Amino acid sequence: RPMRRVAEPLRMMGADITDADGRAPLRINPAPLKGVRYVMPVASAQVKSAALLAGLFADGATVVVEPGPARDHTERMLQAMGADLSADGGAVTLRPGAPLRPLDIDVPGDFSSAAFVIAAGALAGAEIVIDGVNLNPTRTGLLDVLRRMGADIAIVDYREEAAEPMGRLRVAGSELAGVVIEGDEVVRMIDEFPALAAAATQARGRTEVRDAAELRVKEVDRIAALAGELRKLGAQIEERPDGFVIEGPCKLRGAEVDGHGDHRLAMSLAVAGLIAEGETVVRGAGCIADSFPGFTETLLALGAEAAEEDKMVNRE
């Protein structure tokens, strides 16, 4: 399905793309592109970015209309490079022809990866400082939610690199309280719900996630996988069609759990294992390197006692 989503606006623009019923292998032949107005059925930064980048070489303006908020890294980068790009409400318009300037930037650290260190910091007793984190407001929903839950998180050394906000985060352990997460807030933290779930197991009261059915079509069904694996550790978590409910705080007990080949799920289980009583073994932890090489070393600095290839052992 993601391949079809990306190919749809490109084909409207005239791209010659064939595939095997929406799957690889792909065959792409040269073809002239024309600007189009594309109304996205589902908000997706990847689909929007594909259309805008193709629009740099199209005949005429390309307009992408979003049904809701989505990440805007591509727009910020193109504007910093001098592209003729504007946003009006939910419509992003790119007019080709403007020469692009090269950039010399420090690329901010990925917020979705930092989310697991943030969650660990919110649960740990010691202060953790994370430097150079991307703070684009389309990505920082988790910060807002954790602060509403009572987390002690401060932003210092705020700055911008090529129109991308970044800075240093100081995270300290604090008592958390359950909240409801729904609506636009979900879009701004869709990849961070595994980290949120680990933190929510220690929050007082009910944490309820709504409007997050997209979690069921990630690398795995993250709602079902999160619920099943966190229950093995003792979490009180209930699946909902579009989210989940966690009753806390839960006393977690070490257990053998499985990352299901999903890097974010595996990291959330590792974070939960840091606060579980006894030994936690995360099977299939090698997939974590998909997005966060060095995560094991980071957790070791936070208290994980041992790690092995393709599995991670955390002891209280």
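The values are calculated or read from the model by the stated rules, or taken from the named source; none is laboratory data. As the structure is a computational prediction, the values presented were derived from the model and not from experiment. Here the Cβ is made from the backbone with ideal geometry for all residues, glycine too, and neighbour counts use every protein chain on show. Note: accessible area is taken over every heavy atom of the protein model, side chains too, but ligands, DNA and RNA are not part of it. Shrake-Rupley method; radii C 1.70, N 1.55, O 1.52, S 1.80 Å.
Taking one quarter of the surface of the convex hull spanned by the alpha-carbon atoms of segment 57-135 gives a direction-averaged projected area of 7.2 nm². Could you tell me whether segment 149-188 comes out rounded, prolate or oblate from its Cα gyration tensor? Rule is a ≥ b ≥ c as square roots of the eigenvalues, rounded for a/c under 1.5, then prolate if a/b exceeds b/c, otherwise oblate. Oblate, because a/c is 1.5 or more while a/b does not exceed b/c. Relative to its Kirkwood radius, the Cα radius of gyration of segment 80-186 gives an Rg/Rh of 1.08.
Between LEU26 and ILE105, the modelled label-to-label distance comes to 2.2 nm, taking each label 7 Å out from Cα in the direction of the beta carbon.
In segment 13-91, Rg over Rh equals 0.98, where Rg is the alpha-carbon radius of gyration and Rh the Kirkwood radius from pairwise Cα distances.
For the chain, how big is the tail of P(r) above 37 Å, as a whole percent of Cα pairs?
22 percent
Label separation (ALA154 vs GLU297): 2.8 nm, computed from points 7 Å beyond Cα along the C-beta direction.
Residues MET77, MET267, ordered by accessible area of protein heavy atoms at a 1.4 angstrom probe radius and largest first, appear as MET77, MET267. Over the chain, DSSP H runs of length four or greater, each weighted -39,500 (n - 2.57), average out per residue to a 222 nm ellipticity of -8500 deg cm²/dmol. Were the residues from ARG253 through GLN236 laid out at 0.36 nm apart, the gain over their Cα-Cα distance would be 4.9 nm. With the Cα gyration tensor of segment 203-299 in hand, give its eigenvalues times 5 under a square root as the equivalent ellipsoid semi-axes, listed largest first in whole angstrom. Working from the Cα gyration tensor, I get semi-axes of 21, 18, 11 Å.
Taking 0.36 nm per residue of sequence separation and removing the Cα-Cα distance, the VAL180/ALA289 pair yields an extension gain of 36.1 nm. Peptides 247-255, 118-126, 36-44 ranked from most to least packed, by the mean per-residue count of other Cβ atoms within 10 Å: 118-126, 247-255, 36-44.
Charge dipole of the chain (Cα centre as origin; +1 on each Lys and Arg Cβ, -1 on each Asp and Glu Cβ, all else neutral): 700 debye, rounded to the nearest 20. Expressed as a whole percent, the proportion of Cα-Cα pairs in segment 7-153 lying more than 28 Å apart is 36%. What translational D, rounded to a whole number of µm²/s, comes out for segment 142-291 from Stokes-Einstein when the hydrodynamic radius is the Kirkwood one over Cα pairs, at 37 °C and 0.692 mPa s? Reported coefficient: 208 µm²/s. In this label model, PHE57 and ASP211 are separated by 3.8 nm, measuring between points 7 Å along each Cα→Cβ vector.
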